[in-house]
Amino acid sequence: MTQPFRLGEGGMIDRTQPLSFRFNNTSYQGYVGDTVASALLANGVHHVARSIKYHRPRGIIASGPEDPSALLTVMDAHGTTPNLKATEIPLRAGLEVVSQNHWPSLQRDAGAMLQAGSKLLSAGFYYKSFMWPKDAWHRYYERIIRRMAGHGEADISPDPALYDKRNIHCDILVVGTGPAGLAAAKTAARGGATTVIVEQDHRLGGTYLSGDASDRDIPQDAEQEFRTLSNVTLLARTQAFGIYDHGTVMAVQSRSGSAARAIMWKIRARRILLASGAIEKPLVFPGNDRPGILLAGAARSYVRRYAVKLGNRAVLAIACREDRAATRRALQDAGIEIAAELGDGDTLLGTTGRARLKGVTLRRSNGQRERLACDLLCVSGGWSAAPHLFAHAGGNLAWRDGLGLVPQGAHPLIAPVGGARGTFDTATARNEGRAAAHQAMGELLMHVPMPSNLPSPVPPARDVIASGHGKAFVDLQNDVTRTDIAQAVHEGYDDIELVKRYTTLGMGTDQGKASWVNGIEEIARVIGQDATDIGHTTFRPPYSPVTIGALVGAETGRNMHPIRRTPFHRAFERANSVFQTSGDWLYSRYFPQENEDMSTAITREVNAVRNGLGCVDMSTLGKIDITGPDALEFLSRVYCNNFATIKPGRLRYGLMLREDGIVFDDGTIACLTPDHFLITATTANAGSVWRHLQKLAQVEWPNLDIHLTDVTSHWASLAIAGPYARELMQALRPDFDATREAFPFAAVRDGTLGDDLPVRAFSVSFSGELSYELNVPAGYADALFNRVMAAGAKWNITPYGLESLDVLRIEKGHLSIGTEIDGRRTPFDLGLGRMVSDKKDFLGKALLTRPALQAPDRPQLVGLKPLDRTQAIPPGGHLTHEALTGSVQKICGNLTAAVHSPTLGHSIALAFLVNGQARVGETLWVVSPLAETSVEVEVVAPHFYDPDGARLHV
Amino acid sequence: MQHHTKYSGFSLARHALSGHRHWPRILPDCDLRPSYDIVIIGGGGHGLATAYYLATKHEFSNVAVFESGWLGGGNTARNTAIVRSDYLLDASFGLKHLALDLWADLSQELNFNLMYSPRGYVDLAHSDGELEQFTLRANAMNLRGAKADILDLEALKTRVPQLALGDDDRFPIAGALVQERGGVVRHDAVAWGFARKAAAAGVHIFQNCPVTGFDIREGQLAGIQTALGNVDCGQAMISVAGASAKLANLAGFQLPVTPVNVQAFVTEPVKPVLDCVVNYNAGLSYVSQTDKGELVLGGATDGIHSTARRGTFNAIEDTLARATQMFPFLTRLRLMRHWSGTADMTMDGNAIVGDTPVGGLKINAGWGYAGFKATPAVGHEMAALLAGGQTTDLLKPFSLDRFETGALIDDAGIGPYPWLH
Amino acid sequence: MLLIPCPNCGARDQSEFAYGGLRAPLPPLDASIGDWHTAVHLRSGEMPVREELWYHACGCERWIVVSRNLTTHEFAPKDAS
């Protein structure tokens, strides 16, 4: 017989749409509208889990995300997802779910033997043990404990699901659609405010849904109204999991059966009405964790909303009399016999049953003991406000008996209403929702804060149902008992934060929703203080665990970060370039011809540049345009070298220091006119140099009359380099005189190539050969490349990439960001001390004179050549006084670069060596323990090729 | 006099018989003395470790620790618990490597299971150029006697099989540096372990007792004002992380330190899926798995100054996006909790340890997000300094005056911009 | 994410800006080492409201100086000046 515990009528399930699903390989049936929890209960399945530490049988106690125990693994088209709560999984056709963390099965779990040793497994037992022998923790104990810990198994196959992120702005965000939330939402929506409504359940209604039929109509009517209003966005199955700065609320919407499995909503709200309701408090008594024990509100929900008969014979232990009456009515309507109802002064002594509750032992207030057979126990210690988001936003909470932790004081952006502030009466909650919405709209219209005049909530009358002695669970997920808490306090872990960490109370996937309030009361009892004085731990997002996929959205794989391509990218693709990711950019690395490996390609490219003609992309360099009468003065302050006599049409190399004297960046300073300069910065620092100059111009020296423009992306820049560079330059038909005398080294010319291609040409060289950097407006990159390749064909022009560029610059001893210029060097360290001007003031001058920056025993840049020219200096090696000894050795320097030089025919390296400039000619060793290599080297000046620069002036 | 019980499997069994009702308190109650030889301000890992070594290695037990909140409740309770010493610069390496040596024996020494798990720290490189720089670092470590290796892609695939190493990566991985002695330690236990032994050796530890002022006479420390009362003392150490500038202000000097927010995250607990610590370098993100099964993730700081102890959301997205690059299966798992702490960051990103302008007052500050791993070494060396009056070789580079002299220790070469470190 | 009150563009999301740290005006270029050391390195530690710099990179491209409470992240209302 299918669904033996399903009521024949009533409920918000659709009996015309039965669904089949499997739990632990057994087939069951449920209906559209069910959760996995309600469907299992309708089939009489209560035992769905084993607890993490003691492997006790556990059932379903709640009907929402506050359930601490019913964790299941779902297998579907997305793969295997562990740790989902049965109460939160909507039933779908073909759903396959299994229970977790037991062996060999849920029913017969070897882990249950741990209960026999439970006395040893007290709070913090692992801190007191597993220390012998030494190293045994990591080698043995840890492995075993790790296998036993953890709930479900993670699926490590790639996740085929799609995720997305959306943004939305609104006047008013309403979180929750119970009585308070729905009233607030209706008020805001009808009032014309742009309103976003989020509800974590798949239906609106909150506690309305566990009421009677007329209650359940209210949210359905409201939903229809919302869907007609254009100023309302309604998001169901959407959990607002945290509030961040300035009215930002993050929410995750679950969507099964649609393209994106989960969507994160970033909601920027001007006002937030927090109607997140309240959570029911379980009772703490011996044996309070058996399957068949449910929270009273959840019991009503299963009966009313899901039409489930939870058992045959029930006992009620419910502190609030109204809740008790409502529960009684619901169970009776479901045909469940009520064996007993506990009230004020009664004591719960224990329960019996293993995989299902069999009976309850209690003692009446008159002292009489009773033993009752039952298969359902509905418990409630009352309700506690759930104001978590209010706390995320920095709001204060205060303890109030009978209400839990309630919001205290006003918050400029967030108004808690209803259960979230401790108001558990439906009519009052509705009024609060309405009032808060009116107030919020008033504030938004009038731009003045309005004091809230909501009355302080009054705790409902509660009977006190006491607990006997014995193993009573406070946190069901982490198996934390009353004894554990007492032990922690007695051992001196008596601050609430220490209790939490020592016992792990509230640190499970339910984050203490159904345990923290009881925990506070327990701690207070043991310490002998008032719960008000105990405080509480910090409420942190997310309210309930959120799928990481939604927090990443579509920013997976290549889409994590934008890729920047240079204007020559397509042209280089056609030229067979191999590309390399570096920072934001995709660079050309080298251009292999047929069957070439990288090393062969580099050799060919380097030789081409040294002996013929090459071209390389320089577009990524930062380029900043500076105009104004104070342009030269500005630049003079920014660079450490003196170029006061620079003439229009000329350029200089510039070294820029940080304000503390350390080298920041290098580049060229080109003078176009006395009021117009163009500077370059390295690719890596293009952004930071731009911001740095802007800051100096706008904030530090606003009196200078200058204007800065970032033209980095405006220009495509291709350098042509090699002995035939001038010939090519002329072959491109510039409209300016490009002879050696008219366009010498270190100059800049504006003009046109071939009558139609605007160009700004710089005669600069990073490679050390005769070279021109041709800048054209970025959209003309293809045109320039085509012309250069066509005109350069007669000299066999060779495109080259970063790898060859690096070899060329190392041969010349030019500096590179990240290797030599690494944020720790002074100009003197780099051998550029002569550039530091003593004729002017510049940024960094004062702090550059700090004694440790001038010391002679600083590491200084040198070159290295192997004594045996056939040996290769190992990259990443260090300078030492002897070859590798296999033990500790004193390091006197480190390499920044080591390559084979095709031009010189042997390996070369650049390095920082303590007091290096005074040690040219010395012999040292470069050692690399990883490569097991030692190479004897001679220290030379860091300019291996053409140190006098003759090649630049041919 | 507090009865001090040795923790062990045997004592656990013995106490089990009496329902665990008779374990002694880890910290005995103590009354404030009118004076102490040495006062330690800050009851986090560093302060408690210093107190422990003072009392047990140097026989200074007339020592008080004042903690403004609950024991270890600052950054000791909030970090991602990673220990390693894979640093290039000598100064950065030295203290952290001493710490690794000390971590190895500390559980036994403190008789408190710190769960030191040297499961391997894997630092990913995103290009051949970066791998070459890692080679430099690994070589430096090896030459100093610390083992480190470089893994190429094949070796990395074997070491961390779940790592995604494909063409779809935004910042493809070229290899990694691995320090097998690196790993994790249970952070809470560190504070408790040091506190218990220090207290057993006679140190007075006061919780919920903030220091409110200093009594300084002619540039020398004479006493400390606390919420519980004033005490005379001639030597003290400030070790309060995010509150460093505040304490320095009280003592009348400024520090080159500003606060930044650092966040950390845990997923729901799952069965073992990652057996080492992995770090992603293209924008920071690192992952490890606790012994309870949660995956712990951390990343770069939020990049802004803050003492809110509550992070900005974009930093969360950045960290998780990078973690997902490494382990795409993370998208199915759920984030259970995220939290923050205030990291005091200095102008070169490295700590300030040693003398202050006030005679007798020492500072231990500016550890940023790198303090936890150095905990026992800082305690060990600071105790030597406080007891003997001499700055040890390992501590010398971290002096406050290095910003005036220019002897900076800037691991990443970032400069005087604390929010970027 | 912070909503930053750009005086030119209005309240804009943090993602449009680059952060520039606490406001610490640079001394004149010819000032002493001591003055430069103080300005570049030392910070008063005063809490919780501090002046700081943000660069509106995806907006007006101006550096703005604002006052923010570093503990609550609230921005101070604009001065009359």
Chain pair A, B: how much accessible area is buried, both chains summed, with a 1.4 Å probe, in Å² to 100? 9800 Å²
Where does helix A:598-611 land angle-wise versus the long Cα axis of chain A, in degrees 0 to 90, nearest 10? 30 degrees
Assigning unit charges at the beta carbon (Lys, Arg +1; Asp, Glu -1) and nothing else, what dipole magnitude in debye, to the nearest 20, does region A:622-713 show about its Cα centre? 240 debye
Under 13 Å, Cβ to Cβ, from residue A:30 - net charge with Lys/Arg +1 and Asp/Glu -1: +2
Net +/- balance of residues flanking residue B:180 in space, Cβ distance below 14 Å, scoring K and R +1, D and E -1: +1
Could you compute how much accessible surface residue A:740 exposes when probed at 1.4 Å, giving the result in Å² to the nearest 10? 120 Å²
At a Förster radius of 41 Å, what calculated FRET efficiency corresponds to the Cβ-Cβ distance of residue A:22 and residue B:162, to the nearest 0.05? 0.90
Calculated FRET efficiency, residue B:412 and residue B:215, Cβ-Cβ r, R0 56 Å, to nearest 0.05? 0.90
Could the peptides B:130-138, A:889-897, A:19-27 be put in order, highest first, of the mean number of other beta-carbon atoms found within 10 Å of their residues? B:130-138, A:889-897, A:19-27
Which residues, if any, in region A:84-131 have at least 40 Å² less accessible area in the whole protein complex than in the isolated chain, probe 1.4 Å? A:119, A:120, A:127, A:128, A:131
If you roll a 1.4 Å probe over the protein assembly as shown with all protein chains in place, what percent of the accessible area is carbon or sulfur? 51 percent
Determine the calculated [θ] at 222 nm for chain C from helices alone, applying -39500 (n - 2.57) to every DSSP H run no shorter than 4 residues and normalising by the residue count; nearest 500 deg cm²/dmol. -3000 deg cm²/dmol
With every protein chain in place, the accessible area of residue A:119 for a 1.4 Å probe, in Å² rounded to the nearest 10, comes to 120 Å²
Any idea what the relative contact order of chain A is, in percent, if you count C-alpha pairs under 8 Å spaced at least 6 apart? 9 percent
Could you order the peptides A:922-935, B:64-77, A:573-586, A:865-878 from most to least packed, using the average number of other C-beta atoms within 10 Å per residue? B:64-77, A:922-935, A:865-878, A:573-586
Hey, what number do you get for chain A at 222 nm if only DSSP H runs of n ≥ 4 count, each worth -39500 (n - 2.57), divided across all residues, to the nearest 500? -6000 deg cm²/dmol
Among the DSSP beta bridges whose two residues both lie in the protein assembly as shown, what percent are antiparallel, rounded to the nearest 5? 75 percent
Degrees, to the nearest 10: A:321-333 long Cα axis against longest axis of chain A: 80 degrees
Projected label distance in nm at residue A:398 and residue A:144, using a 7 Å step from Cα toward the beta-carbon: 5.2 nm
If you count, for every residue in A:928-938, the Cβ atoms of partner chains within 10 Å of its Cβ, what is the mean? 3
Between the chain alone and the structure with every protein chain in place, find the residues of region A:822-869 that drop at least 30 Å² of accessible area; heavy atoms, 1.4 Å probe. A:824, A:841, A:843, A:846, A:847, A:850, A:852
Given a 1.4 angstrom probe, what's the average accessible area per residue across chain B, in square angstrom? 30 Å²
Can you list which of the chymotrypsin sites (Phe, Trp or Tyr not before Pro) found in region B:255-313 are DSSP loop residues with at most 13 other C-beta atoms within 10 Å? none
At 1.4 Å probe size, with no ligands or nucleic acids counted, give the accessible surface of residue B:380 in Å², nearest ten. 60 Å²
Calculate the mean, over all residues of peptide A:690-696, of how many other protein chain Cβ atoms lie within 10 angstrom of the residue's Cβ. 4
Peptides A:297-309, B:49-61: what's the order by average Cβ count within 10 Å, highest mean first? A:297-309, B:49-61
Can you list which of the DSSP-assigned H helices in chain B have a Cα extent of 15 Å or more along the long axis and an average Kyte-Doolittle score of at least 0.0? B:45-57, B:90-110, B:187-200, B:375-388
Residues of region A:735-787: accessible area per residue with a 1.4 Å probe, Å²: 36 Å²
Summed buried accessible surface, chains B and C, 1.4 Å probe, nearest 100 Å²: 2000 Å²
Rounded to the nearest 20 debye, dipole of chain B from Cβ charges on Lys, Arg, Asp, Glu: 1440 debye
FRET efficiency for residue C:72 and residue B:228 from the Cβ-Cβ distance with R0 = 22 Å, rounded to 0.05, comes out at 0.15
For residue A:578, the net charge from surrounding residues (Cβ-Cβ under 11 Å; K, R +1; D, E -1) works out to -3
Taking beta carbons within 10 Å but only from partner chains, what does the mean come to for residues B:108-115? 4
Give the lysines reachable from residue A:840 as a straight Cα distance under 28 Å; neighbours fewer than 8 places away on the same chain don't count. A:623, A:647, A:695
Along the Cα-to-C-beta direction of residue B:18, a point sits 7 Å from the Cα; which residues of region A:480-503 have their amide N less than 14 Å from that point? A:491
Starting from the 7 Å offset along Cα-to-Cβ, what nm value, one decimal, do you get for the label separation of residue A:212 and residue A:255? 3.9 nm
Give me the one-decimal nm value for the distance between modelled label points at residue A:596 and residue A:329, 7 Å along each residue's Cα-to-Cβ direction. 8.7 nm
To the nearest 20 debye, chain C has a Cα-centred charge dipole, built from +1 on Lys and Arg Cβ and -1 on Asp and Glu Cβ, of 120 debye
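The values are calculated or read from the model by the stated rules, or taken from the named source; none is laboratory data. None of these values were measured; they are calculated from a predicted model. Neighbour counts are summed over all protein chains in view; Cβ atoms, including those assigned to glycine, are modelled from backbone coordinates with ideal geometry. Areas reflect the complete protein model, heavy atoms only, side chains present, ligands, DNA and RNA absent. Shrake-Rupley method; radii C 1.70, N 1.55, O 1.52, S 1.80 Å.
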